[in-house]
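The values are calculated or read from the model by the stated rules, or taken from the named source; none is laboratory data. Since we're looking at a predicted model, the values are computed, not measured. Virtual Cβ from ideal backbone geometry, glycine too; neighbours counted across all protein chains shown. Please note that ligands, DNA and RNA were not included when accessible areas were found on the heavy atoms of the full protein model with its side chains. Shrake-Rupley method; radii C 1.70, N 1.55, O 1.52, S 1.80 Å.
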Amino acid sequence: MLRERGETELIEGRVLRATRGRFLVGDGEQVIPCHLRGRIKKARQRRVRSVVPGDLVLVRLTGALPHPESEGVIEEVLPRSSQLSRTSPGGRREQVLMANPERIFVVMATREPAFNSRLLDRFLVAIEDQSLEAVVCLNKCDLATPAERVAMVSPYRAAGYPALMLSALTGEGVPRLADAMAGRLSLFLGPSGSGKSSLLQRIQPGLEIATRAVSGATGKGRHTTSYTELHPLDRGGYVADSPGVREFGLWGLAERDLAGCFPEFRPHLGRCHFPDCTHSHEPDCALRRAAEERAFDPRRYESYLRILESLREGDLAL
Ligand SMILES: Nc1nc2c(ncn2[C@@H]2O[C@H](COP(=O)(O)OP(=O)(O)OP(=O)(O)O)[C@@H](O)[C@H]2O)c(=O)[nH]1
Ligand SMILES: [Mg+2]
Ligand SMILES: [Zn+2]
């Protein structure tokens, strides 16, 4: 898409990769190595701080520049319709993982690394808080019994999330995953080693994506994917593969908004004795009663209490 602007044309494109001040911008036909115009750099430091994968930008093609390897300059960053943020690891800053995502595929393995419902719940809370769509992806289903798999996804299906049972090894569920991604801007999010890159390889075998074995000694994944990168899909849209996430600080989430980030809690909110009930210790709490009556999976209520606690402690650690 071209836009006239003074002496040379501006090309609208999407940031595919952003690493240490270098950017790859795709316009649907070509991939253009770019740097950022100094003036926006300064303006953005005050407001948005960074240009991230998924951002729509206007690029001016150039020849001779202070950065000889660059073929373009990002002149302008278009407003975002959405973003997914967390608190930067160990820090107090907002870190935007991706701009303009339409769907977040949260990838958890049944084992290797062990299924971590607490981390999954934190991802889902962040996604709800930022009004994004989540799909729960249980990968490495080949390593679990049918009963184990069902037990892992049932709290999420009961909460109304679409949940896919997948195996990048056998290909189970992969066509449904591919359908859910087609024509959209998606992000794969999950711990290291859960199989995000392997699933993408399955969906589109031509993709140049690194995958690696989980280290035998710890059972934890080593980081193979080292930066977030958008890949154009043959069926339309883009998917971003991202490095494994070990912790997910909930950026900007207020305690009073937490319960609303559990979709299955919503019908029970506003019915407690105290209007400012935190649903933790108060008498006559409708949410706790609902949990006791198994109106939803009690593990999700336990997660709520854990996250509430962590928010009170400044949400620095998981
Ligand atoms: N048994 C089994 N192994 C899988 C499956 N999916 C991926 N793996 C293996 O798990 C390991 C890690 O897979 P990756 O795709 O690199 O994981 P990742 O989530 O991209 O990891 P990071 O890039 O570090 O975040 C590799 O050895 C894969 O072969 C699966 O469905 N079943
Ligand atoms: Mg990877
Ligand atoms: Zn309550």
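In the chain, carbon and sulfur make up what percent of the accessible area (probe 1.4 Å)?
Answer for the chain: carbon and sulfur cover 50 percent of the accessible area.
Roughly how big is region 83-241's charge dipole about its Cα centre, with Cβ charges of +1 (Lys, Arg) and -1 (Asp, Glu), in debye to the nearest 20?
The dipole of region 83-241 has a size of about 380 debye.
By how many degrees, between 0 and 90 and to the nearest 10, does the Cα long axis of helix 298-312 differ from the longest principal axis of the chain?
Result, in degrees: 60.
Compute the helix-to-body angle for 146-158: its Cα long axis versus the longest principal axis of the chain, expressed 0 to 90° and rounded to tens.
Value to nearest ten degrees: 80.
As an exercise, use a Förster radius of 25 Å and the Cβ-Cβ distance of R39 and T19 to find the FRET efficiency, rounded to the nearest 0.05.
Rounded to the nearest 0.05, the efficiency is 0.70.
Normalised by the number of residues in the chain, what is the relative contact order in percent for Cα pairs under 8 Å and 6+ residues apart?
It comes to 14 percent, rounded to a whole number.
Rg and Dmax in Å for region 246-318, alpha carbons only: what are they?
Using the Cα atoms of region 246-318, the pair Rg, Dmax is 12.2, 38 Å.
For labels at E302 and V150 in the simple 7 Å Cα→Cβ model, what's the distance in nm?
2.1 nm
Answer rounded, prolate or oblate for region 83-241, using the Cα gyration tensor with square roots of eigenvalues a ≥ b ≥ c: rounded when a/c is under 1.5, else prolate when a/b is larger than b/c, else oblate.
Note, shape of region 83-241 comes out rounded.
I'd like the orientation of helix 117-129 relative to the chain: the angle between its Cα long axis and the longest Cα principal axis, in ° from 0 to 90, rounded to 10.
With both axes taken from Cα atoms, the answer is about 60 degrees.
Taking the Cβ of E302 as the center, what net charge do the other residues with Cβ under 14 Å away carry, scoring Lys and Arg +1 and Asp and Glu -1?
Spelling it out: positives minus negatives among the neighbours equals +2.
When the expected Rg is taken as 2.2 N^0.38 Å, what fraction or multiple of it is the alpha-carbon Rg of the chain?
Rg over 2.2 N^0.38 Å, computed on Cα atoms: 1.08.
Give the percent of DSSP beta bridges with both residues in the chain that are antiparallel, rounded to the nearest 5.
The antiparallel fraction comes to roughly 60 percent.
If R₀ is 30 angstrom, what is the calculated FRET efficiency for the pair A158 and E29, using the beta carbon separation as r and rounding to 0.05?
0.10
Keeping all protein chains in place, calculate the accessible area per residue for the chain (probe 1.4 angstrom), answer in Å².
Accessible area per residue: 48 Å².
Please identify the GluC sites (Glu not before Pro) of region 270-307 that satisfy two criteria: DSSP loop assignment and at most 15 other Cβ atoms within 10 Å. Which are they?
Listed in order of number, the matching sites are E293.
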